[in-house]
Amino acid sequence: MTTPLTLVVANKNYSSWSARPWLLMTELGIGFKERMLKFDSEDWAKNIATLSPSRLVPVLWEGGPEKGLPTFDTLAIIERLHELFPDKGVWPGDARARARARSLAADFHAGYRALRGAMPMNLRGSYPGKGMSAEVAQDIERLSAHWVRTRRDFGTTGRFLFGDYCAADAYFAPVASRFVTYGVALDGETRSYQQALLGTASFAAWRRAALQETEIVAADEPYAPPR
């Protein structure tokens with residue numbers, strides 16, 4: 001792969017969808033240039049239409065923004081990376097494991113609305129107890145069961161869902177961070193997996209950058225005190 005890649009992302013404190021391909025590419029050593037486009041900014045208003053066909057982030061550009069090939073939507077970007085870098089381990093090599101990994105990513109991509117809505121990613125925030133409801137608890141229970149079952153079925157050779165880090169792990173790293181922000185206590189296999197996700201070099205780099213941001217996005221701060 002010789003065509004340069006640019007990944008358009010938004011605020012690292014808030015944008016969980018941006019985080020997923022960024023974490024995956026960073027962790028697997030796939031080179032790219034980052035184009036930050038912060039929410040509610042003049043830069044966003046001026047450039048989102050040309051940088052993103054969907055007017056959403058993330059977007060992966062092959063050959064440079066505005067003149068190359070854009071792939072938009074997180075799951076589509078991951079599939080494109082699998083095509084471009086078949087030897088990087090974007091998805092597990094085993095066909096059965098790969099089917100499970102894709103199922104988990106697609107399931108989260110389309111579901112878990114209670115969890116995602118009540119506990120938005122916020123790496124700078126700390127709101128223990130906020131956002132919990134019966135619906136959120138059900139989402140957490142279902143997700144935890146997926147993690148435990150998948151680790152036992154496919155992940156016995158390493159710290160991640162399928163042993164080695166792959167796209168499914170990148171999908172769940174922002175969720176692992178949510179559980180810290182909102183004080184959701186995990187134990188056993190789920191806590192071990194959470195710690196593995198939060199302990200990667202890629203997540204540490206993303207988090208450092210997030211903590212340096214100062215912008216406030218009100219829509220992602222439902223529990224912040226009035227300013």
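The values are calculated or read from the model by the stated rules, or taken from the named source; none is laboratory data. The shown structure was predicted, so the numbers you read here are calculated from the model rather than taken from an experiment. No Cβ is skipped: glycine too gets one built from the backbone with ideal geometry, and neighbour counts run over all protein chains shown. Side chains are part of the model used for accessible areas, which takes the heavy atoms of the whole protein and leaves out ligands, DNA and RNA. Shrake-Rupley method; radii C 1.70, N 1.55, O 1.52, S 1.80 Å.
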Over the stretch 5-121, what is the relative contact order in percent, taking alpha-carbon pairs closer than 8 angstrom and at least six residues apart? 26 percent
Val59's amide H: which non-local residues (gap 5+, or another chain) put their own amide H closer than 5 Å, with H modeled 1.01 Å from N in plane and none for Pro or chain starts? Val8
Enumerate lysine pairs in the chain that are 8 or more residues apart or on different chains, then count those whose Cα atoms are under 22 Å apart. 10
If one computes the Cα centroid of the stretch 1-71 and of the stretch 145-215, what distance in Å separates the two points? 22 Å
Based on the inverse mean of 1/r over its pairs of different Cα atoms, what is the Kirkwood hydrodynamic radius of the chain, in Å? 18.0 Å
Can you give me the % of accessible surface on the stretch 89-227 that is carbon or sulfur? Probe 1.4 Å, all protein chains present, nothing else counted. 50 percent
Convex hull of Cα atoms in the stretch 51-140, direction-averaged projection (nm²): 8.1 nm²
Report the relative contact order of the chain, percent, no decimals, based on alpha-carbon pairs under 8 angstrom and at least 6 residues apart. 24 percent
Under a point-charge model restricted to the Cβ atoms of Lys and Arg (+1) and Asp and Glu (-1), what is the dipole moment magnitude of the chain relative to its Cα centre, in debye to the nearest 20? 200 debye
Please work out whether the stretch 184-223 counts as rounded, prolate or oblate from its C-alpha gyration tensor, where a ≥ b ≥ c are the square roots of the eigenvalues and a/c under 1.5 means rounded, while otherwise a/b larger than b/c means prolate and anything else oblate? oblate
Explain nothing, just the number: dipole magnitude of the stretch 141-203 about its Cα centre with +1 on each Lys and Arg Cβ and -1 on each Asp and Glu Cβ, in debye rounded to the nearest 20. 60 debye
Of Val180, Val57, which has the most accessible area with a 1.4 Å probe, and how do the rest follow in descending order? Val180, Val57
So what's Rg/Rh here for the stretch 1-104, counting alpha carbon atoms and using the Kirkwood radius for Rh? 0.99
So what is the 222 nm mean residue ellipticity for the chain from helices alone, if each DSSP H run of at least 4 adds -39500 (n - 2.57) and you divide by all residues, rounding to the nearest 500 deg cm²/dmol? -16000 deg cm²/dmol
Please report the antiparallel percentage of the DSSP beta bridges confined to the chain, to the nearest 5. 70 percent
Over the chain, with the other protein chains present, what is the accessible area per residue in square angstrom, probe 1.4 angstrom? 47 Å²
